[in-house]
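Engineer: Attaching a single structure in structure tokens format; questions to follow.
The values are calculated or read from the model by the stated rules, or taken from the named source; none is laboratory data. Everything numeric here is computed off the predicted structure, so don't read it as measured data. When we count neighbours, we look across all protein chains shown, and the Cβ atoms used for this are built from the backbone with ideal geometry, even at glycine. Heads up: the accessible areas ignore ligands, DNA and RNA and are worked out on the full protein's heavy atoms, side chains in. Shrake-Rupley method; radii C 1.70, N 1.55, O 1.52, S 1.80 Å.
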Amino acid sequence: MCIEEVGISAIQIFAILNPISVIPIFLSLTEGRDEGEVRRIVGVVSVAIFIMMSIFSLAGELILKLMGISVRGLKIGGGAILMVLAVDMLQGMPRTKSVEEEELAIVPLSTPLLVGPGTMTTILLLSNKYSGTYGYLCSSLILTLASALVTVASYLILRNSGKLRKVLGVNGLRGLGRFMAIIVAATAADMISSSILDFIKS
């Protein structure tokens with residue numbers, strides 16, 4: 001297993017998870033709550049997103065087989081979803097239409113705001129890619145480690161969201177969120193183009 005694959009996977013997953021874009025919603029949902037409660041919410045969110053990402057990391061191939069989905073089809077469909085997501089992010093649109101207060105740590109923070117269709121699609125594609133190169137066990141380990149890194153980064157960002165808002169300001173947060181959107185759009189374009197090339201070659 002290469003450390004490089006873990007790092008690259010973590011960057012791709014982090015860009016699509018994009019916890020920076022969730023900061024404004026997170027702050028509004030936790031406004032007025034004491035420090036201890038906010039800390040617990042962040043802890044629950046971190047555990048939840050790691051579990052969800054790990055499930056897709058460990059059972060990615062099985063999920064594809066059970067659903068009868070080809071890798072080529074998943075790339076095109078997933079790429080389209082990611083491209084729409086990237087456009088929404090660039091326009092500053094929320095990634096969910098409504099925000100419910102009840103059990104906010106799981107819904108909407110953990111999903112769909114953080115682990116949504118884009119994140120799931122990316123992990124499934126990476127799982128298939130690494131399984132073909134390194135085998136199932138190594139692929140699962142790569143993606144689990146990448147998911148752990150993304151979880152730690154997301155925890156630190158949400159835990160210090162108040163400080164980040166003071167340092168970067170609203171415009172700074174928007175700028176970082178839109179930079180992540182560009183990475184997501186590039187990933188989507190690569191997925192779609194590679195699947196088309198595969199189709200031509202076959």
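Engineer: So if we plug the beta-carbon distance of Glu4 and Ala59 into 1/(1 + (r/R0)^6) with R0 = 30 Å, what FRET efficiency do we get, rounded to 0.05?
Structural biologist: Taking R0 as 30 Å, the efficiency between Glu4 and Ala59 is 0.80.
Engineer: Over the Cα atoms of region 59-202, what Rg and Dmax result, in angstrom?
Structural biologist: That works out to 16.9, 53 Å for Rg and Dmax.
Engineer: With springs only between Cα atoms under 10 Å apart, run a GNM on the chain and tell me which of Leu149, Leu62, Leu173 wobbles the most.
Structural biologist: Judging by the Gaussian network model, the answer is Leu62.
Engineer: Another question, then. Which one of Arg174, Arg159, Arg39 has the biggest mean-square fluctuation once the chain is modelled by GNM with Cα springs under 10 Å?
Structural biologist: Most flexible of the set in this elastic network: Arg39.
Engineer: Using θ = phi - 60° and the Karplus form 6.51 cos²θ - 1.76 cosθ + 1.60, what ³J(HN,Hα) does each residue of region 184-194 get, whole Hz, x for Gly and Pro?
Structural biologist: 4, 5, 5, 4, 4, 4, 5, 4, 5, 5, 5
Engineer: Return the long-range amide H neighbours of Asn160 (sequence gap of 5 or more, or a different chain), with a cut-off of under 5 Å between placed amide H atoms.
Structural biologist: So Asn160 has HN proximity to no qualifying residue.
Engineer: Residue separation times 0.36 nm, minus the C-alpha to C-alpha distance between Ile196 and Asp88: what's the value?
Structural biologist: 36.4 nm
Engineer: Next up: Once neighbouring chains are kept in place and the probe is 1.4 Å, which whole percent of the accessible area of region 111-202 is contributed by carbon and sulfur?
Structural biologist: Working: 3210 of 4640 Å².
Percent of accessible area from carbon and sulfur atoms in region 111-202: 69.
Engineer: Is it possible to state the helix-based mean residue ellipticity at 222 nm for the chain, with each DSSP H run of 4+ residues giving -39500 (n - 2.57), the sum divided by total residues, to the nearest 500 deg cm²/dmol? What is it? Before the final figure, lay out the partial values.
Structural biologist: Numbers: 7 runs with 163 residues, N = 202.
So the calculated ellipticity at 222 nm is -28500 deg cm²/dmol.
Engineer: Okay, moving on. With 18 Å as the cut-off, how large is the P(r) tail for region 1-63, expressed as percent of Cα-Cα pairs? Mind showing how you got there, number by number?
Structural biologist: On the way: 1023 of 1953 pairs.
More than 18 Å apart: 52 percent of the Cα pairs in region 1-63.
Engineer: Can you tell me, using C-alpha contacts under 8 Å and at least 6 residues apart, the relative contact order of region 3-121 as a whole percent?
Structural biologist: Relative contact order comes out at 47 percent.
Engineer: Then there is this: Using Cα springs under 10 Å in a Gaussian network model of the chain, which residue among Gly32, Gly73, Gly169 shows the largest mean-square fluctuation?
Structural biologist: Gly32
Engineer: Which angle from 0 to 90°, rounded to the nearest 10, does the C-alpha axis of helix 35-67 make with the longest principal axis of the chain?
Structural biologist: 10 degrees
Engineer: Okay, next question. Heavy-atom accessible area per residue, the chain, 1.4 Å probe: how many Å²?
Structural biologist: On a per-residue basis, 51 Å².
Engineer: Size of the dipole of the chain about the Cα centre, Lys and Arg at +1 and Asp and Glu at -1 on the beta carbon, nothing else charged, in debye to 20?
Structural biologist: Using Cβ point charges on Lys, Arg, Asp and Glu, the chain gives about 360 debye.
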